[in-house]
1. Going through region 18-56 one residue at a time, which ones are exposed (fewer than 10 other Cβ atoms within 10 Å of the Cβ) and in a helix (DSSP H, G or I)?
2. Kindly establish whether residue 126 is surrounded by 13 or more Cβ atoms within 10 Å (Cβ to Cβ), in contact with a helix residue (DSSP H, G or I) (Cβ under 7 Å, 6 or more places away or on another chain) and assigned to a helix (DSSP H, G or I).
3. Mind telling me which of the residues 63, 69, 81 ends up being more than 17 Å from residue 35 (Cβ to Cβ) and assigned to a helix (DSSP H, G or I)?
4. More than 30 Å from residue 117 (Cα to Cα) and loosely packed, with under 12 Cβ neighbours inside 10 Å: does that describe residue 63?
5. With the condition kept exactly as written, say whether any residue in region 88-100 is at pLDDT 85 or above and assigned to a helix (DSSP H, G or I).
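The values are calculated or read from the model by the stated rules, or taken from the named source; none is laboratory data. Predicted, not measured: the structure shown is a model, and the values here were computed from it. Using ideal geometry, Cβ is built from the backbone for each residue, glycine included, and neighbour counts are taken over all protein chains shown.
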């Protein structure tokens, strides 16, 4: 195999991978779109199966702008969910750490044994 044959093979391999990527993105977008009815989704999928290149080009031309908006919305929602999970994990305290804190306060004399028992009960109630 010569160097030029390798470059030609590599070029066609790149084209095939790019086409598969485009088809997958279009199919995902067809299913992600809440505005399309079930029949419209089925027709787009049939169009993509039987005339893949033409179907993908027409879909991107006709619905490309909305396709980008849906992608940005989905990534924004995913980022917000991750941020909310991180915030909730960072701010949540466990009953064990609350009881440890109350025990340290009791040992230092900052709270009375009755207040310690109340703090301990409150921490245990929070986990149930």
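1. Answer for region 18-56, where residues must be exposed (fewer than 10 other Cβ atoms within 10 Å of the Cβ) and in a helix (DSSP H, G or I): 38, 39, 50.
2. Criteria not met by residue 126.
3. 81
4. Judged against the criteria, residue 63 is not a match.
5. Yes, because at least one residue in region 88-100 is at pLDDT 85 or above and assigned to a helix (DSSP H, G or I).
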